[in-house]
Amino acid sequence: MGVAGPFPDRSAGSGVPVMDRDEADRALARLGAEHEAIETSLLALQDHAGRRLLEGADLTGVTKERWASTDRAITLLWGYFDAYAAALARARTVRARRRYPGREDLVALTELLRGQGVTMASAAAGPGPSADGPARLAERFTLEELVSRMNELYARSLDVVVASDAVWSALPARIDLLAAELHRTRSLAHSVGVRPGEHPSGDDLEAITQELTALRTQVVCDPLAFWRPAPGSSAPGGGRPDTERYDRAARALEEVRREIEAVLAVRQDAEQRLVQLRDVLSRADRTLAEARAARGEVLAKIAASEVPAVSGPPTVLQERLVAASDYRRRAQWHRLSPLLETLEREAEEELLRARESLTAVTAPLAVRAELRGRLDAYRAKVARLGLAEDPLLIERYDVARRMLWSAPCDLRVAGQAVLRYQETAAELLSQRPAPGPGDRR
């Protein structure tokens, strides 16, 4: 607790020029205004919600350490303020003695207002050795120095109180809102069978629940651990709450929520997708059956040709389709969702393979059809140009036609026969004389 120092009889010892009456009155007015401002600030700090929360909280970590120091600083502040108020009251008493103070009064006012007229006991000044040597039993201050010391302690104390209050105001409420959203998502997940140990999203929900519980406990007990001061800022409370862990949990919950929505979408259109899957697999079966029938025809009608084998029906996909239907019947949507996606992709691939197999099997028949068309086209051209009765062309046409319309057909030999017919027709056409003017007319 501070006490006002004794008044000296003269000012010569302090080396401070004696103030006149006007200077003393102005100093008293300024110090009185500072007294009111300091008192208002200290009362506001005393009533600050953050300070009351810090006093009643079960603190841990860095907040516990800093609040212990801040609590001592606030106590010291009030000690300084009491000493300041006592010195100011003593100065006002001296000034009130006479309307026109004499030399003795002005010397006393000068020592009180500008000299080191305030003595603080060592308990208030802070025990322990100082940088200049052993701890002193008392410290002496001018009122200006006392105001500067109070401003410094006030700024440090307010920084701790404001930072703690900012974290408590921001994070717990947001964590509670996220926890409520987590509860809704977990209920929705349970309704579609997404549970811990049975689905990865269920495990994620459990991990997010544990993280939010631990995060809220730590924020309540150690708010300053979640405070990030603003770089280069010296103002009390300059900074922001650290929301990195909260943001990470929110992103994880959003990913799980999207996964649950996907499972819900499966529940809504599962029957339609199963019908489409059955249709795709049925088309693949019919295409493979057509390919197997075509392969038998090719082997019977085409000789000396490589005909690829045709695979059997996709029994594995059919079994998995039965499993998907079973999942739907049992409302195991979390199992049905990934299975449907895989089945839809593999069914389309199976249909594509069946079509490719049919194309590969029927390729020799397509070649034979192309040769037949080419032979008939050249015969029509030859007839149009008046060479239909040429014996050589008739002979070669008959040879090629017998090869193409007989079974089994040797495509290589038949192709050579068609080529000979084309070459003969081209040679005969080149030997014909060019038509004259009358022919052209």
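The values are calculated or read from the model by the stated rules, or taken from the named source; none is laboratory data. These numbers were taken from a predicted model, which means no experiment stands behind them. Counting neighbours? That spans all protein chains shown, and the Cβs are built from the backbone with ideal geometry, glycine included. What goes into the accessible areas is simple: the full protein's heavy atoms, side chains included, and nothing from ligands, DNA or RNA. Shrake-Rupley method; radii C 1.70, N 1.55, O 1.52, S 1.80 Å.
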* **Residue ID - nearest to Ser157 (Cα to Cα), chosen from residues in region 75-95 that are among the β-branched types (Val, Ile, Thr) and open to solvent by 10 Å² or more (accessible area, probe 1.4 Å)** => Thr75
* Odd one out for Glu297, checked against (1) touching a residue at least 60 places away in the same chain (Cβ under 8 Å); (2) among the acidic types (Asp, Glu); (3) open to solvent by 80 Å² or more (accessible area, probe 1.4 Å) -> (3)
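For the structure I just gave you, tell me whether Leu428 is over 21 Å from Glu370 (Cα atoms), of a type in the set (A, V, I, L, M) and modelled with pLDDT under 80. Outline the logic, then answer.
Details: over 21 Å from Glu370 (Cα atoms): yes; of a type in the set (A, V, I, L, M): yes; modelled with pLDDT under 80: yes.
Yes, satisfied.
With the requirement that a residue be basic (Lys, Arg), within 23 Å of Tyr327 (Cβ to Cβ) and either open to solvent by 50 Å² or more (accessible area, probe 1.4 Å) or touching a Gly at 6+ places or on another chain (Cβ under 9 Å) (or both), what does region 266-294 give you?
So the first thing to find is which residues in region 266-294 are basic (Lys, Arg), and the list is 267, 273, 278, 283, 286, 292.
Within this subset, residues satisfying the condition of being within 23 Å of Tyr327 (Cβ to Cβ) are 267, 273, 278.
Hits for region 266-294 are Arg267, Arg278.
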* In region 313-338, which residues are surrounded by fewer than 17 Cβ atoms within 10 Å (Cβ to Cβ) and of a type in the set (A, V, I, L, M)? -> Val316, Val322, Ala323, Ala331
* All but one of (1) touching a residue at least 60 places away in the same chain (Cβ under 8 Å); (2) open to solvent by 40 Å² or more (accessible area, probe 1.4 Å) hold for Glu346, so report the exception by its number. => (1)
* Tell me, please, whether a residue that is in contact (Cβ under 8 Å) with a residue 40 or more places away in the chain, under 24 Å from the mean Cα position of the chain (by Cα) and farther than 30 Å from Leu77 by Cβ can be found in region 227-236. => no
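When the residues of region 141-180 are filtered to those that are of a type in the set (A, V, I, L, M, F, W, C) and without any contact (Cβ under 8 Å) to a residue 24 or more places away in the chain, which remaining residue is most open to solvent (accessible area, probe 1.4 Å)?
Initial filter on region 141-180 (of a type in the set (A, V, I, L, M, F, W, C)): 141, 143, 146-147, 150, 153, 155, 158, 160-163, 166-168, 170-171, 173, 175, 177-180.
Then drop every residue that is not without any contact (Cβ under 8 Å) to a residue 24 or more places away in the chain, which leaves 173, 177, 180.
Working: Ala173: 52, Leu177: 127, Ala180: 41 Å².
Among those that are of a type in the set (A, V, I, L, M, F, W, C) and without any contact (Cβ under 8 Å) to a residue 24 or more places away in the chain, it is Leu177.
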* Criterion violated by Ser305 - all others in (1) at pLDDT 80 or above; (2) crowded, with 18+ Cβ neighbours inside 10 Å; (3) more than 41 Å from the chain's Cα centre (by Cα); (4) small (Gly, Ala, Ser) satisfied -> (1)
* Exactly one condition in (1) within 51 Å of the chain's Cα centre (by Cα); (2) modelled with pLDDT under 75 is not met by Ala121; state its number. => (1)
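Residues of region 199-258 being at negative phi and part of a strand (DSSP E or B), which ones?
At the first step, the residues of region 199-258 found to be at negative phi are 199-231, 233-236, 238, 240-258.
Those that are at negative phi and part of a strand (DSSP E or B): Trp227, Arg228, Pro229, Arg240, Pro241.
Picking from Ala291, Ala262, Ala360, Ala354, which residue would you name as being touching a Pro at 6+ places or on another chain (Cβ under 8 Å) and not acidic (Asp, Glu)? Break it down stepwise before answering.
Working: Ala291 fails: touching a Pro at 6+ places or on another chain (Cβ under 8 Å); Ala262 fails: touching a Pro at 6+ places or on another chain (Cβ under 8 Å); Ala354 fails: touching a Pro at 6+ places or on another chain (Cβ under 8 Å).
Answer to the selection: Ala360.
So in region 402-425, with the set limited to residues that are charged (D, E, K, R) and farther than 22 Å from Glu389 by Cα, which one is modelled with the highest pLDDT?
Looking only at region 402-425, we keep the residues that are charged (D, E, K, R), and these are 402, 410, 412, 420, 423.
Now narrow it down to the ones that are farther than 22 Å from Glu389 by Cα: 410, 412.
Details: Asp410: 76, Arg412: 80.
So the residue we want is Arg412.
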* Just for helices (runs of 4 or more DSSP H) wholly inside region 315-409: which have at least 3 residues that are over 30 Å from Gln272 (Cα atoms) and in contact with a strand residue (DSSP E or B) (Cβ under 8 Å, 6 or more places away or on another chain)? -> 363-384
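Restricting attention to region 21-54, report how many residues are open to solvent by 30 Å² or more (accessible area, probe 1.4 Å) and under 24 Å from Ala83 (Cβ atoms). Don't jump to the end; show me each part of the working.
Within region 21-54, the subset open to solvent by 30 Å² or more (accessible area, probe 1.4 Å) is 21-23, 25-26, 29-30, 33-37, 39-41, 43-44, 46-49, 52-53.
Then drop every residue that is not under 24 Å from Ala83 (Cβ atoms), which leaves 23, 25-26, 29-30, 33-37, 39-41, 43-44, 46-48.
Of the residues in that region, 18 qualify.
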